[in-house]
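> Just passing along the structure, written as structure tokens.
The values are calculated or read from the model by the stated rules, or taken from the named source; none is laboratory data. It should be emphasised that the depicted structure is a prediction, and the values quoted were computed from it without experimental measurement. Glycine gets a Cβ as well: all are built from the backbone with ideal geometry, and neighbour counts include every protein chain shown.
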Amino acid sequence: MPISEILNHFKDSAATTLRTGEHLSEAISRSASHIISTLEKGGKILICGNGGSAADALHFSAELVVRFERDRPALAAIALSADTATITAAGNDFDFSQIFARQVEALGRTDDHLVVISTSGNSGNISAAVMAAKNIGNMRITALTGRDGGALKAFLGREDVELRVPSESTARIQEAHAIIIHVLCTLVDNHFA
């Protein structure tokens, strides 16, 4: 593989990251404020995504429960993509579109916060999770998306925050999502440390 091709990956990633920071800093700050408020009130953060985004959900949850870069009290977060028994039971007994919604119904409470991660915004099970959160009432949502926001954007309300990465590339969107998660973790750490 030519070195120039390798360097182009890094250049494209850096350019997307900078655009994301320029476009989303205010929205990221608002999302962090909502997450901090939820945790201060004794609520929890529920996080879900598919594929690579499922791994991002696990990553985000671990950083909140354990620690990111600073010692602070453990924070209540659950990655809904972690429970394979529940996921497979919901997929088998209901439908794959319900694998996260059932968990939101079971675990979510008023004043909790749902973080959904979908590079396209078109994952049916992510939209179903958002609808389940809306049915609980007063559950804010942060949606990490990309492209044009997909079908998911129609389910978000005024109090919700969409962090839409300005890119069409799945890889670039996923890379930017990882940085957004780290920024959110830093803001949460700074508050609770």
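> Of a type in the set (A, V, I, L, M, F, W, C) and more than 28 Å from residue 41 (Cβ to Cβ): which single residue out of 94, 100, 155, 192 fits that description?
Sole residue among the options that is of a type in the set (A, V, I, L, M, F, W, C) and more than 28 Å from residue 41 (Cβ to Cβ): 94.
> Kindly provide the set of residues from the stretch 51-86 that are in contact with a strand residue (DSSP E or B) (Cβ under 8 Å, 6 or more places away or on another chain) and part of a loop (DSSP other than H, G, I, E, B), ordered by number.
75, 76, 80, 81
> In addition: Here is a list of conditions, (1) modelled with pLDDT of 95 or more; (2) over 27 Å from residue 158 (Cα atoms); (3) out of contact with any strand residue (DSSP E or B) (no Cβ under 7 Å at 6 or more places or on another chain), and residue 1 meets all of them except one; can you say which number that is?
Looking at each condition in turn, residue 1 falls short on (1).
> Now for a separate question. If you scan the stretch 142-193, which residues turn out to be more than 13 Å from the chain's Cα centre (by Cα), surrounded by fewer than 19 Cβ atoms within 10 Å (Cβ to Cβ), not β-branched (Val, Ile, Thr) and not in a loop (DSSP other than H, G, I, E, B)?
Residues satisfying the conditions are 151, 153, 154, 171, 187, 189, 190, 191, 192.
> Would you say residue 25 is assigned to a helix (DSSP H, G or I), small (Gly, Ala, Ser), in contact (Cβ under 8 Å) with a residue 40 or more places away in the chain and farther than 26 Å from residue 124 by Cα?
So residue 25 does not fit the description; no.
> From the list 123, 167, exactly one residue is in contact (Cβ under 8 Å) with a residue 60 or more places away in the chain, under 22 Å from residue 26 (Cβ atoms) and not basic (Lys, Arg). Which is it?
167
> Examine the stretch 120-127 for a residue that is modelled with pLDDT of 95 or more, hydrophobic (A, V, I, L, M, F, W, C), farther than 18 Å from residue 146 by Cα and in a helix (DSSP H, G or I), and state whether such a residue exists.
Within the stretch 120-127 (the criterion being modelled with pLDDT of 95 or more, hydrophobic (A, V, I, L, M, F, W, C), farther than 18 Å from residue 146 by Cα and in a helix (DSSP H, G or I)), the answer is no, since none of the residues qualifies.
> Turning to a different aspect of this structure: Got a number for residues in the stretch 89-113 being part of a loop (DSSP other than H, G, I, E, B) and over 26 Å from residue 36 (Cα atoms)?
3
> Is it the case, given these coordinates, that residue 107 is under 14 Å from residue 57 (Cβ atoms) and surrounded by fewer than 17 Cβ atoms within 10 Å (Cβ to Cβ)?
Judged against the criteria, residue 107 is a match.
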